[in-house]
Structure formats: structure tokens, C-alpha cells
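Accompanying notes for the structure given below.
The values are calculated or read from the model by the stated rules, or taken from the named source; none is laboratory data. Keep in mind it's a predicted model, so treat the numbers as computed, not measured. Note that we place each Cβ from the backbone using ideal geometry, even for glycine, and neighbour counts take in every protein chain shown.
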Amino acid sequence: MHPNQLEPPHEVFHDGNAGEIIRGWITNGSLALSLHAMAFGKAEVWGHVLAGTAAQVAAACSEMGHGEPLANLAEIRKALNADLDRAEQQLAAMAKKA
């Protein structure tokens, strides 16, 4: 276990069908992920996962004294949309090279 590793949510210990789908780290200034990309059978379900994650982050930030949940979610949405636009451009450029 890495010293900076988070504990799983307590709910998973009571659900024999629970499964980890994503683990993220910041390392060397970049995001590193291990994930079960087809955990849901369709890539589109990840949109729901990302939206649920954003809502939980917005609420958690507020609970820690950083802004209000709706304002936090608006900031997350703004950054996410900008980053998704950049990712789309990068993937399109890679597809043209292939």
C-alpha cells in the first residue's frame, strides 16, 4: 500500500459485488490512471460516472469550507468542458496521423 493511497469507501465492504473502476494519481506533475475502461460495456456510461464524480467533488469542497456546491460545480463544468475540447482536438489530430 502506498502511503498516500486513499481508503475505499466504507460502502464497498458491505457489497460483495462492488468493484473498483478507476484509480487516479498525480505523479511527476501529470495525471496517471488505472481503469477498467469497459466496466459498463459502453463508453458513454463514463459520462454519468464523471458527472457523479463532479457532483461529489463540488459537495465535498463545500463541506471543507471551499465555496458553495452549485458554484463549485459550475467551476468544475467550465474546466471540464475546456479540457474535453482540448482532448477532442488532440484525439482528432492523432486520428489524422493514423
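List of remarks:
- Verdict on Ala87 being farther than 23 Å from Pro9 by Cβ, of a type in the set (Gly, Ala, Ser), more than 15 Å from the chain's Cα centre (by Cα) and in a helix (DSSP H, G or I): no
- Near pairs, Cβ below 9 angstrom, 6+ apart or cross-chain, from segment 12-29 (closer than 25 Å to Gly47 by Cα) to any residue that is among the β-branched types (Val, Ile, Thr) and surrounded by 10 or more Cβ atoms within 10 Å (Cβ to Cβ): Ala18/Val12; Gly19/Val12; Glu20/Val12; Ile21/Val49; Ile22/Val49; Ile22/Thr53
- One residue from Ala43, Ala60, Ala74, Ala92 being in a helix (DSSP H, G or I) and either at pLDDT below 95 or under 15 Å from the mean Cα position of the chain (by Cα) (or both): Ala60
- Evaluating Val12 against the criteria (1) closer than 19 Å to Asp83 by Cβ; (2) modelled with pLDDT of 95 or more; (3) surrounded by 10 or more Cβ atoms within 10 Å (Cβ to Cβ) leaves one unmet condition, (1).
- Conditions (1) at pLDDT 95 or above; (2) over 23 Å from Ile21 (Cα atoms); number of the one not met by Ala98: (1)
- Flag for Pro3 being in a loop (DSSP other than H, G, I, E, B) and in contact (Cβ under 8 Å) with a residue 12 or more places away in the chain: no
- Looking only at segment 72-84, and only at residues there that are of a type in the set (D, E, K, R) and more than 17 Å from Leu31 (Cβ to Cβ), the one that is surrounded by the fewest Cβ atoms within 10 Å (Cβ to Cβ): Lys78
- Hits in segment 38-64 (condition: among the β-branched types (Val, Ile, Thr) and in contact (Cβ under 8 Å) with a residue 12 or more places away in the chain): Val49, Val57
- Scan of segment 7-30 for residues that are in a loop (DSSP other than H, G, I, E, B), closer than 16 Å to Gly52 by Cβ and small (Gly, Ala, Ser), ordered by number: Ala18, Gly19
- In this structure, Leu33 qualifies as exposed (fewer than 10 other Cβ atoms within 10 Å of the Cβ), of a type in the set (A, V, I, L, M, F, W, C) and not in a loop (DSSP other than H, G, I, E, B).
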